[in-house]
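The values are calculated or read from the model by the stated rules, or taken from the named source; none is laboratory data. Just so it is clear, the model here is predicted, and its values are computed rather than measured. Cβ: placed from backbone, ideal geometry, glycine included. Neighbour counts: every protein chain shown.
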Amino acid sequence: MPECIYKLPLKKNGTKYSFFIIDDSVPFLMTMKRLVESFGGKVIGASIKGEESLELINKFKDEIDFITLDIMMPDVNGIDLIPKIKRINSKFQIVMVTAVRKTESLKESLQMGANHFLLKPFKNDQVFAILNKMCQVNPNKQHALQAMIKEQKSLNVYVVEDSKLTSNFLKAKLECIGCKIEGIANTGSDALDYLSNCTNRIDIIILSIVLPDMDGISLILRIAMMNPKIKIIVFSAKDNQSTVDSAIDSGAHYFVSKNSFEDEKFYNILQKIVSSE
């Protein structure tokens, strides 16, 4: 194989990032292995069976950095493997590899803890872009934040989001670092009813700009009036600059786009909030 023009960075200790590959197709598994190695990564193990892979991952849990996982496995749904893998080591970053372009499956994978997607068929540069992006993330960020929260106090978070998939996604992201979910509202009215009696025990509110019964900007203004100490994070797919400016001007402290969500940026925001407490 000719020398690859794409090269992954090394870890801070000068060693290569380690990968574990799970796919029931041996030809695809070998293709992925060759690609990872040509990029400068190290394939520490592979498996064509879902349940079998858990034993191997547990064996190499202290060495594995990244896992590529096929959604469609013969013995198990790949999505169901995600929480089992995360229980072995929550620092693992998981790339779901699939030819299935069902939006619900992709969203469910994110909800369960996957970090990225790779759709078949793909080009080499697409694989590199995802793997390179994963290598840029500080693997200790989540655990450092978890320790900070545990040391100070549990952050109490209230979520206002009409999409169950999105609210469950946020719930999973927050609970894994030790935050307590005080409640989830599907409408602005439900949120205001709850907050009218409970604002003093809420540290953070994460809300969508688009709600079924009211404008998110109006909700931000009312929450800010009820308790200006609550940190408001807007989580929205409507992320044009005018919307971002309106949200911040109305009292929101941070804006996170659903369209370009990254764990690192999200945890950086939470870390800033914890540090200011």
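Picking from residues in the range 66-83 that are buried (at least 22 other Cβ atoms within 10 Å of the Cβ) and of a type outside the set (Val, Ile, Thr), the one that is nearest to Gln93 (Cα to Cα) is Phe66. Of the set (1) touching a residue at least 12 places away in the same chain (Cβ under 8 Å); (2) closer than 19 Å to Ala129 by Cβ; (3) not hydroxyl-bearing (Ser, Thr, Tyr), all apply to Glu37 but (1). For the structure I just gave you, tell me whether Phe20 is among the aromatic types (Phe, Trp, Tyr) and farther than 20 Å from Thr98 by Cα. Considered against the rule, which asks whether it is among the aromatic types (Phe, Trp, Tyr) and farther than 20 Å from Thr98 by Cα, Phe20 comes out as no. Here Lys102 meets each of (1) under 23 Å from the mean Cα position of the chain (by Cα); (2) among the charged types (D, E, K, R); (3) at pLDDT 95 or above with one exception, condition (3).
If you go through the range 1-52 and keep only what is more than 22 Å from Ile71 (Cβ to Cβ) and part of a helix (DSSP H, G or I), you end up with Glu37, Ser38.
Identify all residues within the range 53-69 that are assigned to a strand (DSSP E or B), aliphatic (A, V, I, L, M) and farther than 19 Å from Thr15 by Cβ; write none if there are none. Matches in the range 53-69: Leu69 only.
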